[in-house]
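Here is the structure we will look at.
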Amino acid sequence: MAEGRGPVRYGPPAPQPGLPVLPELTAVLAAAAWRSAPEPAGGGVPVRAAAARHWGRRGLPTDPDHVAAGPGAPALLLALLGAYGGDVMLPRPCPAWWTPQVRLLGRRAYHVPTPAECGGVPDPYALLETVRRVRAEGGDPRVLLLSVADDPTATVPPPELLREACEAAEAAGLFVVSDETWRDTVHRPVHGRQGGPGGPGAAAPGGPPGSHDRLVVLSPAEMLPDDTAVLLDLSGALLPAGWPAAVIRFPGTPHGTWLRARTLDVLTATGGFVAGPVAGAAAHALDEPPAVAGRTAAAAALHGAVARAAHRELLAAGVLARPPQAGRHLYADLTPLRSGLARQGVGDAMELEDWLAGRLGAPTPGGQRFADEPVAPRVRLSTGPLLGATPEEQLAALTAADPLALPHVRDSLARLRSVLAGLSD
């Protein structure tokens, strides 16, 4: 294995916001810097209560006693899977960090193809058939991991497909873990909201309201309330990745209470505690005061505008890519450009990862990182690096009425266009 291609320690970074930290959050963290002790296992009452209120505003009434906090989603998922037991079903492709969590526990991970319309959830019929086959071969699938706003594909599963996947999971006797880290990064335009691009009353960057206004994001916990845990990493929309914090919502049932207690046992054994100052910032962010809510909406709209522009460049070059709907990235399939890639000595996703990263000057992890087929030339492209190289450029993109008109954003898109043009026949 070549240096830099290790499955875990050289894994791809999560898509970064490409924006400076919100000053209000910096002030909250600084005010709590005197706290030298970590939070108790599972988090203290303030952060758990804030998480409960956060979910309540999204139609998921939650008791703080059914919530646990940890230092990032990987630590919480590892603890949950360690507590629950059994093998795990995952969509293909899936977030790069999911599969290592399963295998680290000595469990087997089984990947199921996603529907043509979206990523994040397995095709329901393929899920049922895969579970049947795995059990016939002696496997023990007990958990289904899915996402309602997906990394890497940047898509949101339509409600009907999510419901069908949940029905298949229920029929197969699987417990669902719903990763909702990117739920609040859906690319909805900002209209008349303080802190949005261009200020109050400004149009959304990238054009007038469209289909993204009508996107409906549901949680499996609304469909399978007794058999779903909801995972939220705050680095998705609320906190910088360098302040690790995540929360998980357990079912309000005796089994959910048991699972939470077992999960806290694993967190205690592994030292999975949230730092005290970070917990304060997490609680503040989860309550979504106006400055936080405004930054979240403005950042999502900005990334949406830039993602749509990058998507247009991909399609113009003949690349296959689903329209981005959430997050800070796109998932591109360069199969139609195979002959041009071959001229550059690129034959698979691993080689494409290195080749594109060198020319774009930003990480472009290949599909093999996301449990996709290594032979398929697919990559995840991030929008964060397109927003600017300095805090000043990034803030200019955030506040511009039309960020695509900024010279540094235009230059970034032009570089992408030039690299792709070099692959044309």
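The values are calculated or read from the model by the stated rules, or taken from the named source; none is laboratory data. These figures come from a predicted structure and were not determined experimentally. So basically every Cβ, Gly included, is an ideal-geometry build from the backbone, and we count neighbours across all protein chains shown. Heads up: the accessible areas ignore ligands, DNA and RNA and are worked out on the full protein's heavy atoms, side chains in. Shrake-Rupley method; radii C 1.70, N 1.55, O 1.52, S 1.80 Å.
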| said: Cβ-Cβ under 7 Å, sequence separation 6+ or interchain: first residue in the stretch 89-116 and in contact (Cβ under 8 Å) with a residue 12 or more places away in the chain, partner among the basic types (K, R). Which pairs? | reply: A96/R369; A109/R103; H111/R92; V112/R92; P113/R92; T114/R92
| note | If we keep only residues of the stretch 117-130 that are in contact (Cβ under 8 Å) with a residue 40 or more places away in the chain and open to solvent by 60 Å² or more (accessible area, probe 1.4 Å), then the residue nearest to P157 (Cα to Cα) is E117
| Can you tell which of P100, P95 is surrounded by 18 or more Cβ atoms within 10 Å (Cβ to Cβ) and either over 21 Å from E222 (Cα atoms) or modelled with pLDDT under 95 (or both)? | P95
| said: It is to be established whether one or more residues within the stretch 260-277 are under 17 Å from G44 (Cβ atoms), in contact with a Lys or Arg (Cβ under 8 Å, 6 or more places away or on another chain) and not in a loop (DSSP other than H, G, I, E, B). | reply: yes
| query | Would you say G72 is touching a residue at least 40 places away in the same chain (Cβ under 8 Å), closer than 19 Å to S178 by Cβ and open to solvent by 40 Å² or more (accessible area, probe 1.4 Å)? | reply | no
| query | Filter the stretch 5-35 for residues that are in contact with a Gly (Cβ under 7 Å, 6 or more places away or on another chain) and at pLDDT below 95; which is surrounded by the most Cβ atoms within 10 Å (Cβ to Cβ)? | reply | P15
| said: If I ask for residues that are open to solvent by 40 Å² or more (accessible area, probe 1.4 Å) and not in a helix (DSSP H, G or I), which ones from the stretch 210-242 would you list? | reply: V216, L218, P225, D226, D227, A241, G242
| task | Only residues that are touching a strand residue (DSSP E or B) at 6+ places or on another chain (Cβ under 7 Å), closer than 20 Å to G280 by Cβ and among the small types (G, A, S): list them for the stretch 53-102, please. | result | A68, A69, G70, G72, A73
| query | For the stretch 42-60, what are the residues that are of a type outside the set (D, E, K, R) and open to solvent by less than 30 Å² (accessible area, probe 1.4 Å)? | reply | G42, G43, G44, V47, A49, A50, A51, A52, H54, W55, L60
